[in-house]
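Step one of this worksheet: look at the structure below.
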Amino acid sequence: MAEPLVVMDESGEPNPYLLGVYAPVKDETTTGDLRVIGEIPRDLNGVYLRNGPNARFPMKGRYHWFDGDGMVHAMHFENGTARYRNRYVRTRAFASESAERRSLWTGVMENPKGNPFGNTRGLNLKDSANTDLVFHRGRVLATWYLCGAPYSLDPLSLETIGVETFLDTLTGDFMAHPKADEHTGELFWFDYGPRRPYLRYGVVGAGGAVEHCVELDLPGARLPHDMGITENHAILMDLPLYQDMEAARQGRYKLTFNRDLPSRFGIMPRRGQAGEIRWFEAEPCYIYHVVNSWEEGEEIIMDVCRVSRPAPAGIGSPLSRMLSYLKLDARMYRYRFDLRTGRTSEEYVDEDHNTEFPSIDARRVGHRSRYAYNVSVKDADTNLFDGLVRYDNETGSKQTHHFGEYRYGSEAPFAPRDGATAEDDGYLVSFVTDEREGVSEVQIIDAARLTDGPVARVLLPQRVPLGFHATWVRSDQLR
Ligand SMILES: [Fe+2]
């Protein structure tokens, strides 16, 4: 078994996000020599890719789970075979730190003043490209939650091709969760920052260039994480959780949740001007992830994972505050925005179950989708995904798959079966790591029958640390 990479930070406290199932791995590996339990379906063809933090060097200052260097783990499935590969994203910061063989940046829990460089908005943190992966025009883009350069990767070799400039048309930064519309070939994105313009929204056209970009006026700096699209609209968010600017002036990173402000959802035509945005108000909240959004007559529906307590009690050491802020606690939730009246209605889809990291069939982004597949978040101090939950919009029913005791998974994107016609005719694929054994596997689950458990398990030569977002690239997209 490969040795873990032992990385500590300067706090002197054991940081759970550097240990156990989160501990970074040392090696970049490529292998097709894998033991399979069950049989890999021959109609599962494509690549499962997952991004996440993998700290390379002992951290300057305190480590936060979001600080680790972006590493992509991938499984390529082809005619019943599987091949595993993992690679760091070769960012500009990666190159700088490689040259000196040490950390040059402090993380989000420290004053970033002395750091070498940041994003184009002057946020002096390390753009690690560690957050999500989105497929567009033959490449996979590795993105960063605080807005950075999108790094273009080859989906099979995982080689970093370089910063994606969209034919030299991208100005500024790119957020973590752009939305790709496979029907039009467009890619929708925003970037945000602590100074005006607080939010910019743009569209990359099917030809690969930024064709539309507008500055949107917000009452102040915000921390939008995701967005929605429908056939005709884009949906942007102004939520009352934001960085305390007074603390920021003192070099501290502190979040404030203002319960007196509404949540606002800005709906505008996909290629609309700033003045065309219409703001819909709702109860104050925070949202990391949009499940999907679509149009129904004069209404726009948006399903999200809505955070239950945006501002946990800020007591204890910096480490315990970090742990409580990081802990995902969200519920499936639905908004309806009435374009005639300007009114919003909102309700729980599932008030009971803490689920996050939603995925749907990528071909339905912006169009009505019946099924969503979320991870189930364990009741624990750190983020552990102990199973998968499938939601059915039509029947309101749900199915669950539990990874097993001490076994934790990753975001599980939907992988359609070759020639599938039904929306749920395919598989869910997830890296699953065993906390006690320190080993990982890939589980392949029938998306229509989660309760049956995995149809196949592919055992991996090294542990896959728990991480962030994943995507599925179909074999027809690889051609
Ligand atoms: Fe995210």
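The values are calculated or read from the model by the stated rules, or taken from the named source; none is laboratory data. Please read all numbers here as calculations on a predicted model, not as lab measurements. Positions of Cβ are backbone-derived with ideal geometry, glycine not excepted, and every protein chain shown enters the neighbour counts. For the accessible areas, the whole protein counts, side chains as well, though only heavy atoms, and no ligand, DNA or RNA atoms are used. Shrake-Rupley method; radii C 1.70, N 1.55, O 1.52, S 1.80 Å.
Each peptide in 226-238, 325-337 was scored by the mean count of other Cβ atoms within 10 Å over its residues; highest first, the order is 226-238, 325-337. Look at the Cα gyration tensor of the chain: its axes a ≥ b ≥ c give a/c under 1.5, and that counts as rounded.
Please state the relative contact order of segment 100-248 as a whole percent: Cα pairs under 8 Å, 6+ residues apart?
14 percent
Charges on Cβ only, +1 for Lys and Arg, -1 for Asp and Glu, centred on the Cα centroid of the chain; of 310, 107, 51, which one is farthest towards the dipole's positive end? Final value for the positive-end residue is 107. In this Cβ point-charge picture (+1 for Lys and Arg, -1 for Asp and Glu), segment 387-479 has a dipole of about 220 debye about its Cα centre. When the charge dipole of segment 1-156 is built from unit charges on Cβ atoms (+1 for Lys and Arg, -1 for Asp and Glu) and taken about the Cα centre, the candidate among 25, 128, 68 whose Cα reaches farthest toward its positive end is 128. In this structure, residue 308 and residue 137 have a Cβ-Cβ separation that, at R0 = 30 Å, corresponds to a calculated FRET efficiency of about 0.20.
Based on Cα contacts under 8 Å between residues 6+ apart, the chain shows a relative contact order of 14 percent. At an R0 of 30 angstrom, the distance between the Cβ atoms of residue 104 and residue 154 translates into a FRET efficiency of 0.65.
To the nearest 20 debye, what charge dipole does the chain have about its Cα centre, counting +1 at the Cβ of each Lys and Arg and -1 at the Cβ of each Asp and Glu?
1140 debye
Spatial offset of segment 192-242 relative to segment 310-346 amounts to 19 Å, using the alpha carbon center of each.
Evaluated with a Cβ-only charge set (Lys, Arg +1; Asp, Glu -1), segment 104-233 carries a dipole of roughly 520 debye about its Cα centre, given to the nearest 20. Over 19 Å apart at the Cα level, from the set 60/113; 60/378; 254/327; 113/254; 126/179, are 60/378; 126/179. Rounded to the nearest Hz, the phi-derived 3J(HN,Hα) couplings of segment 452-466 under the Karplus curve 6.51 cos²θ - 1.76 cosθ + 1.60 (θ = phi - 60°) are 6, x, x, 7, 8, 10, 10, 7, 9, x, 9, 5, 9, x, 4, where x marks glycine and proline. Think of segment 338-377 as having a plus end and a minus end, set by charges on the Cβ of Lys, Arg, Asp and Glu; of 355, 375, 344, 344 sits farthest toward the positive end of this dipole. Rolling a 1.4 Å probe over the protein heavy atoms gives segment 64-165 an accessible area of 35 Å² per residue.
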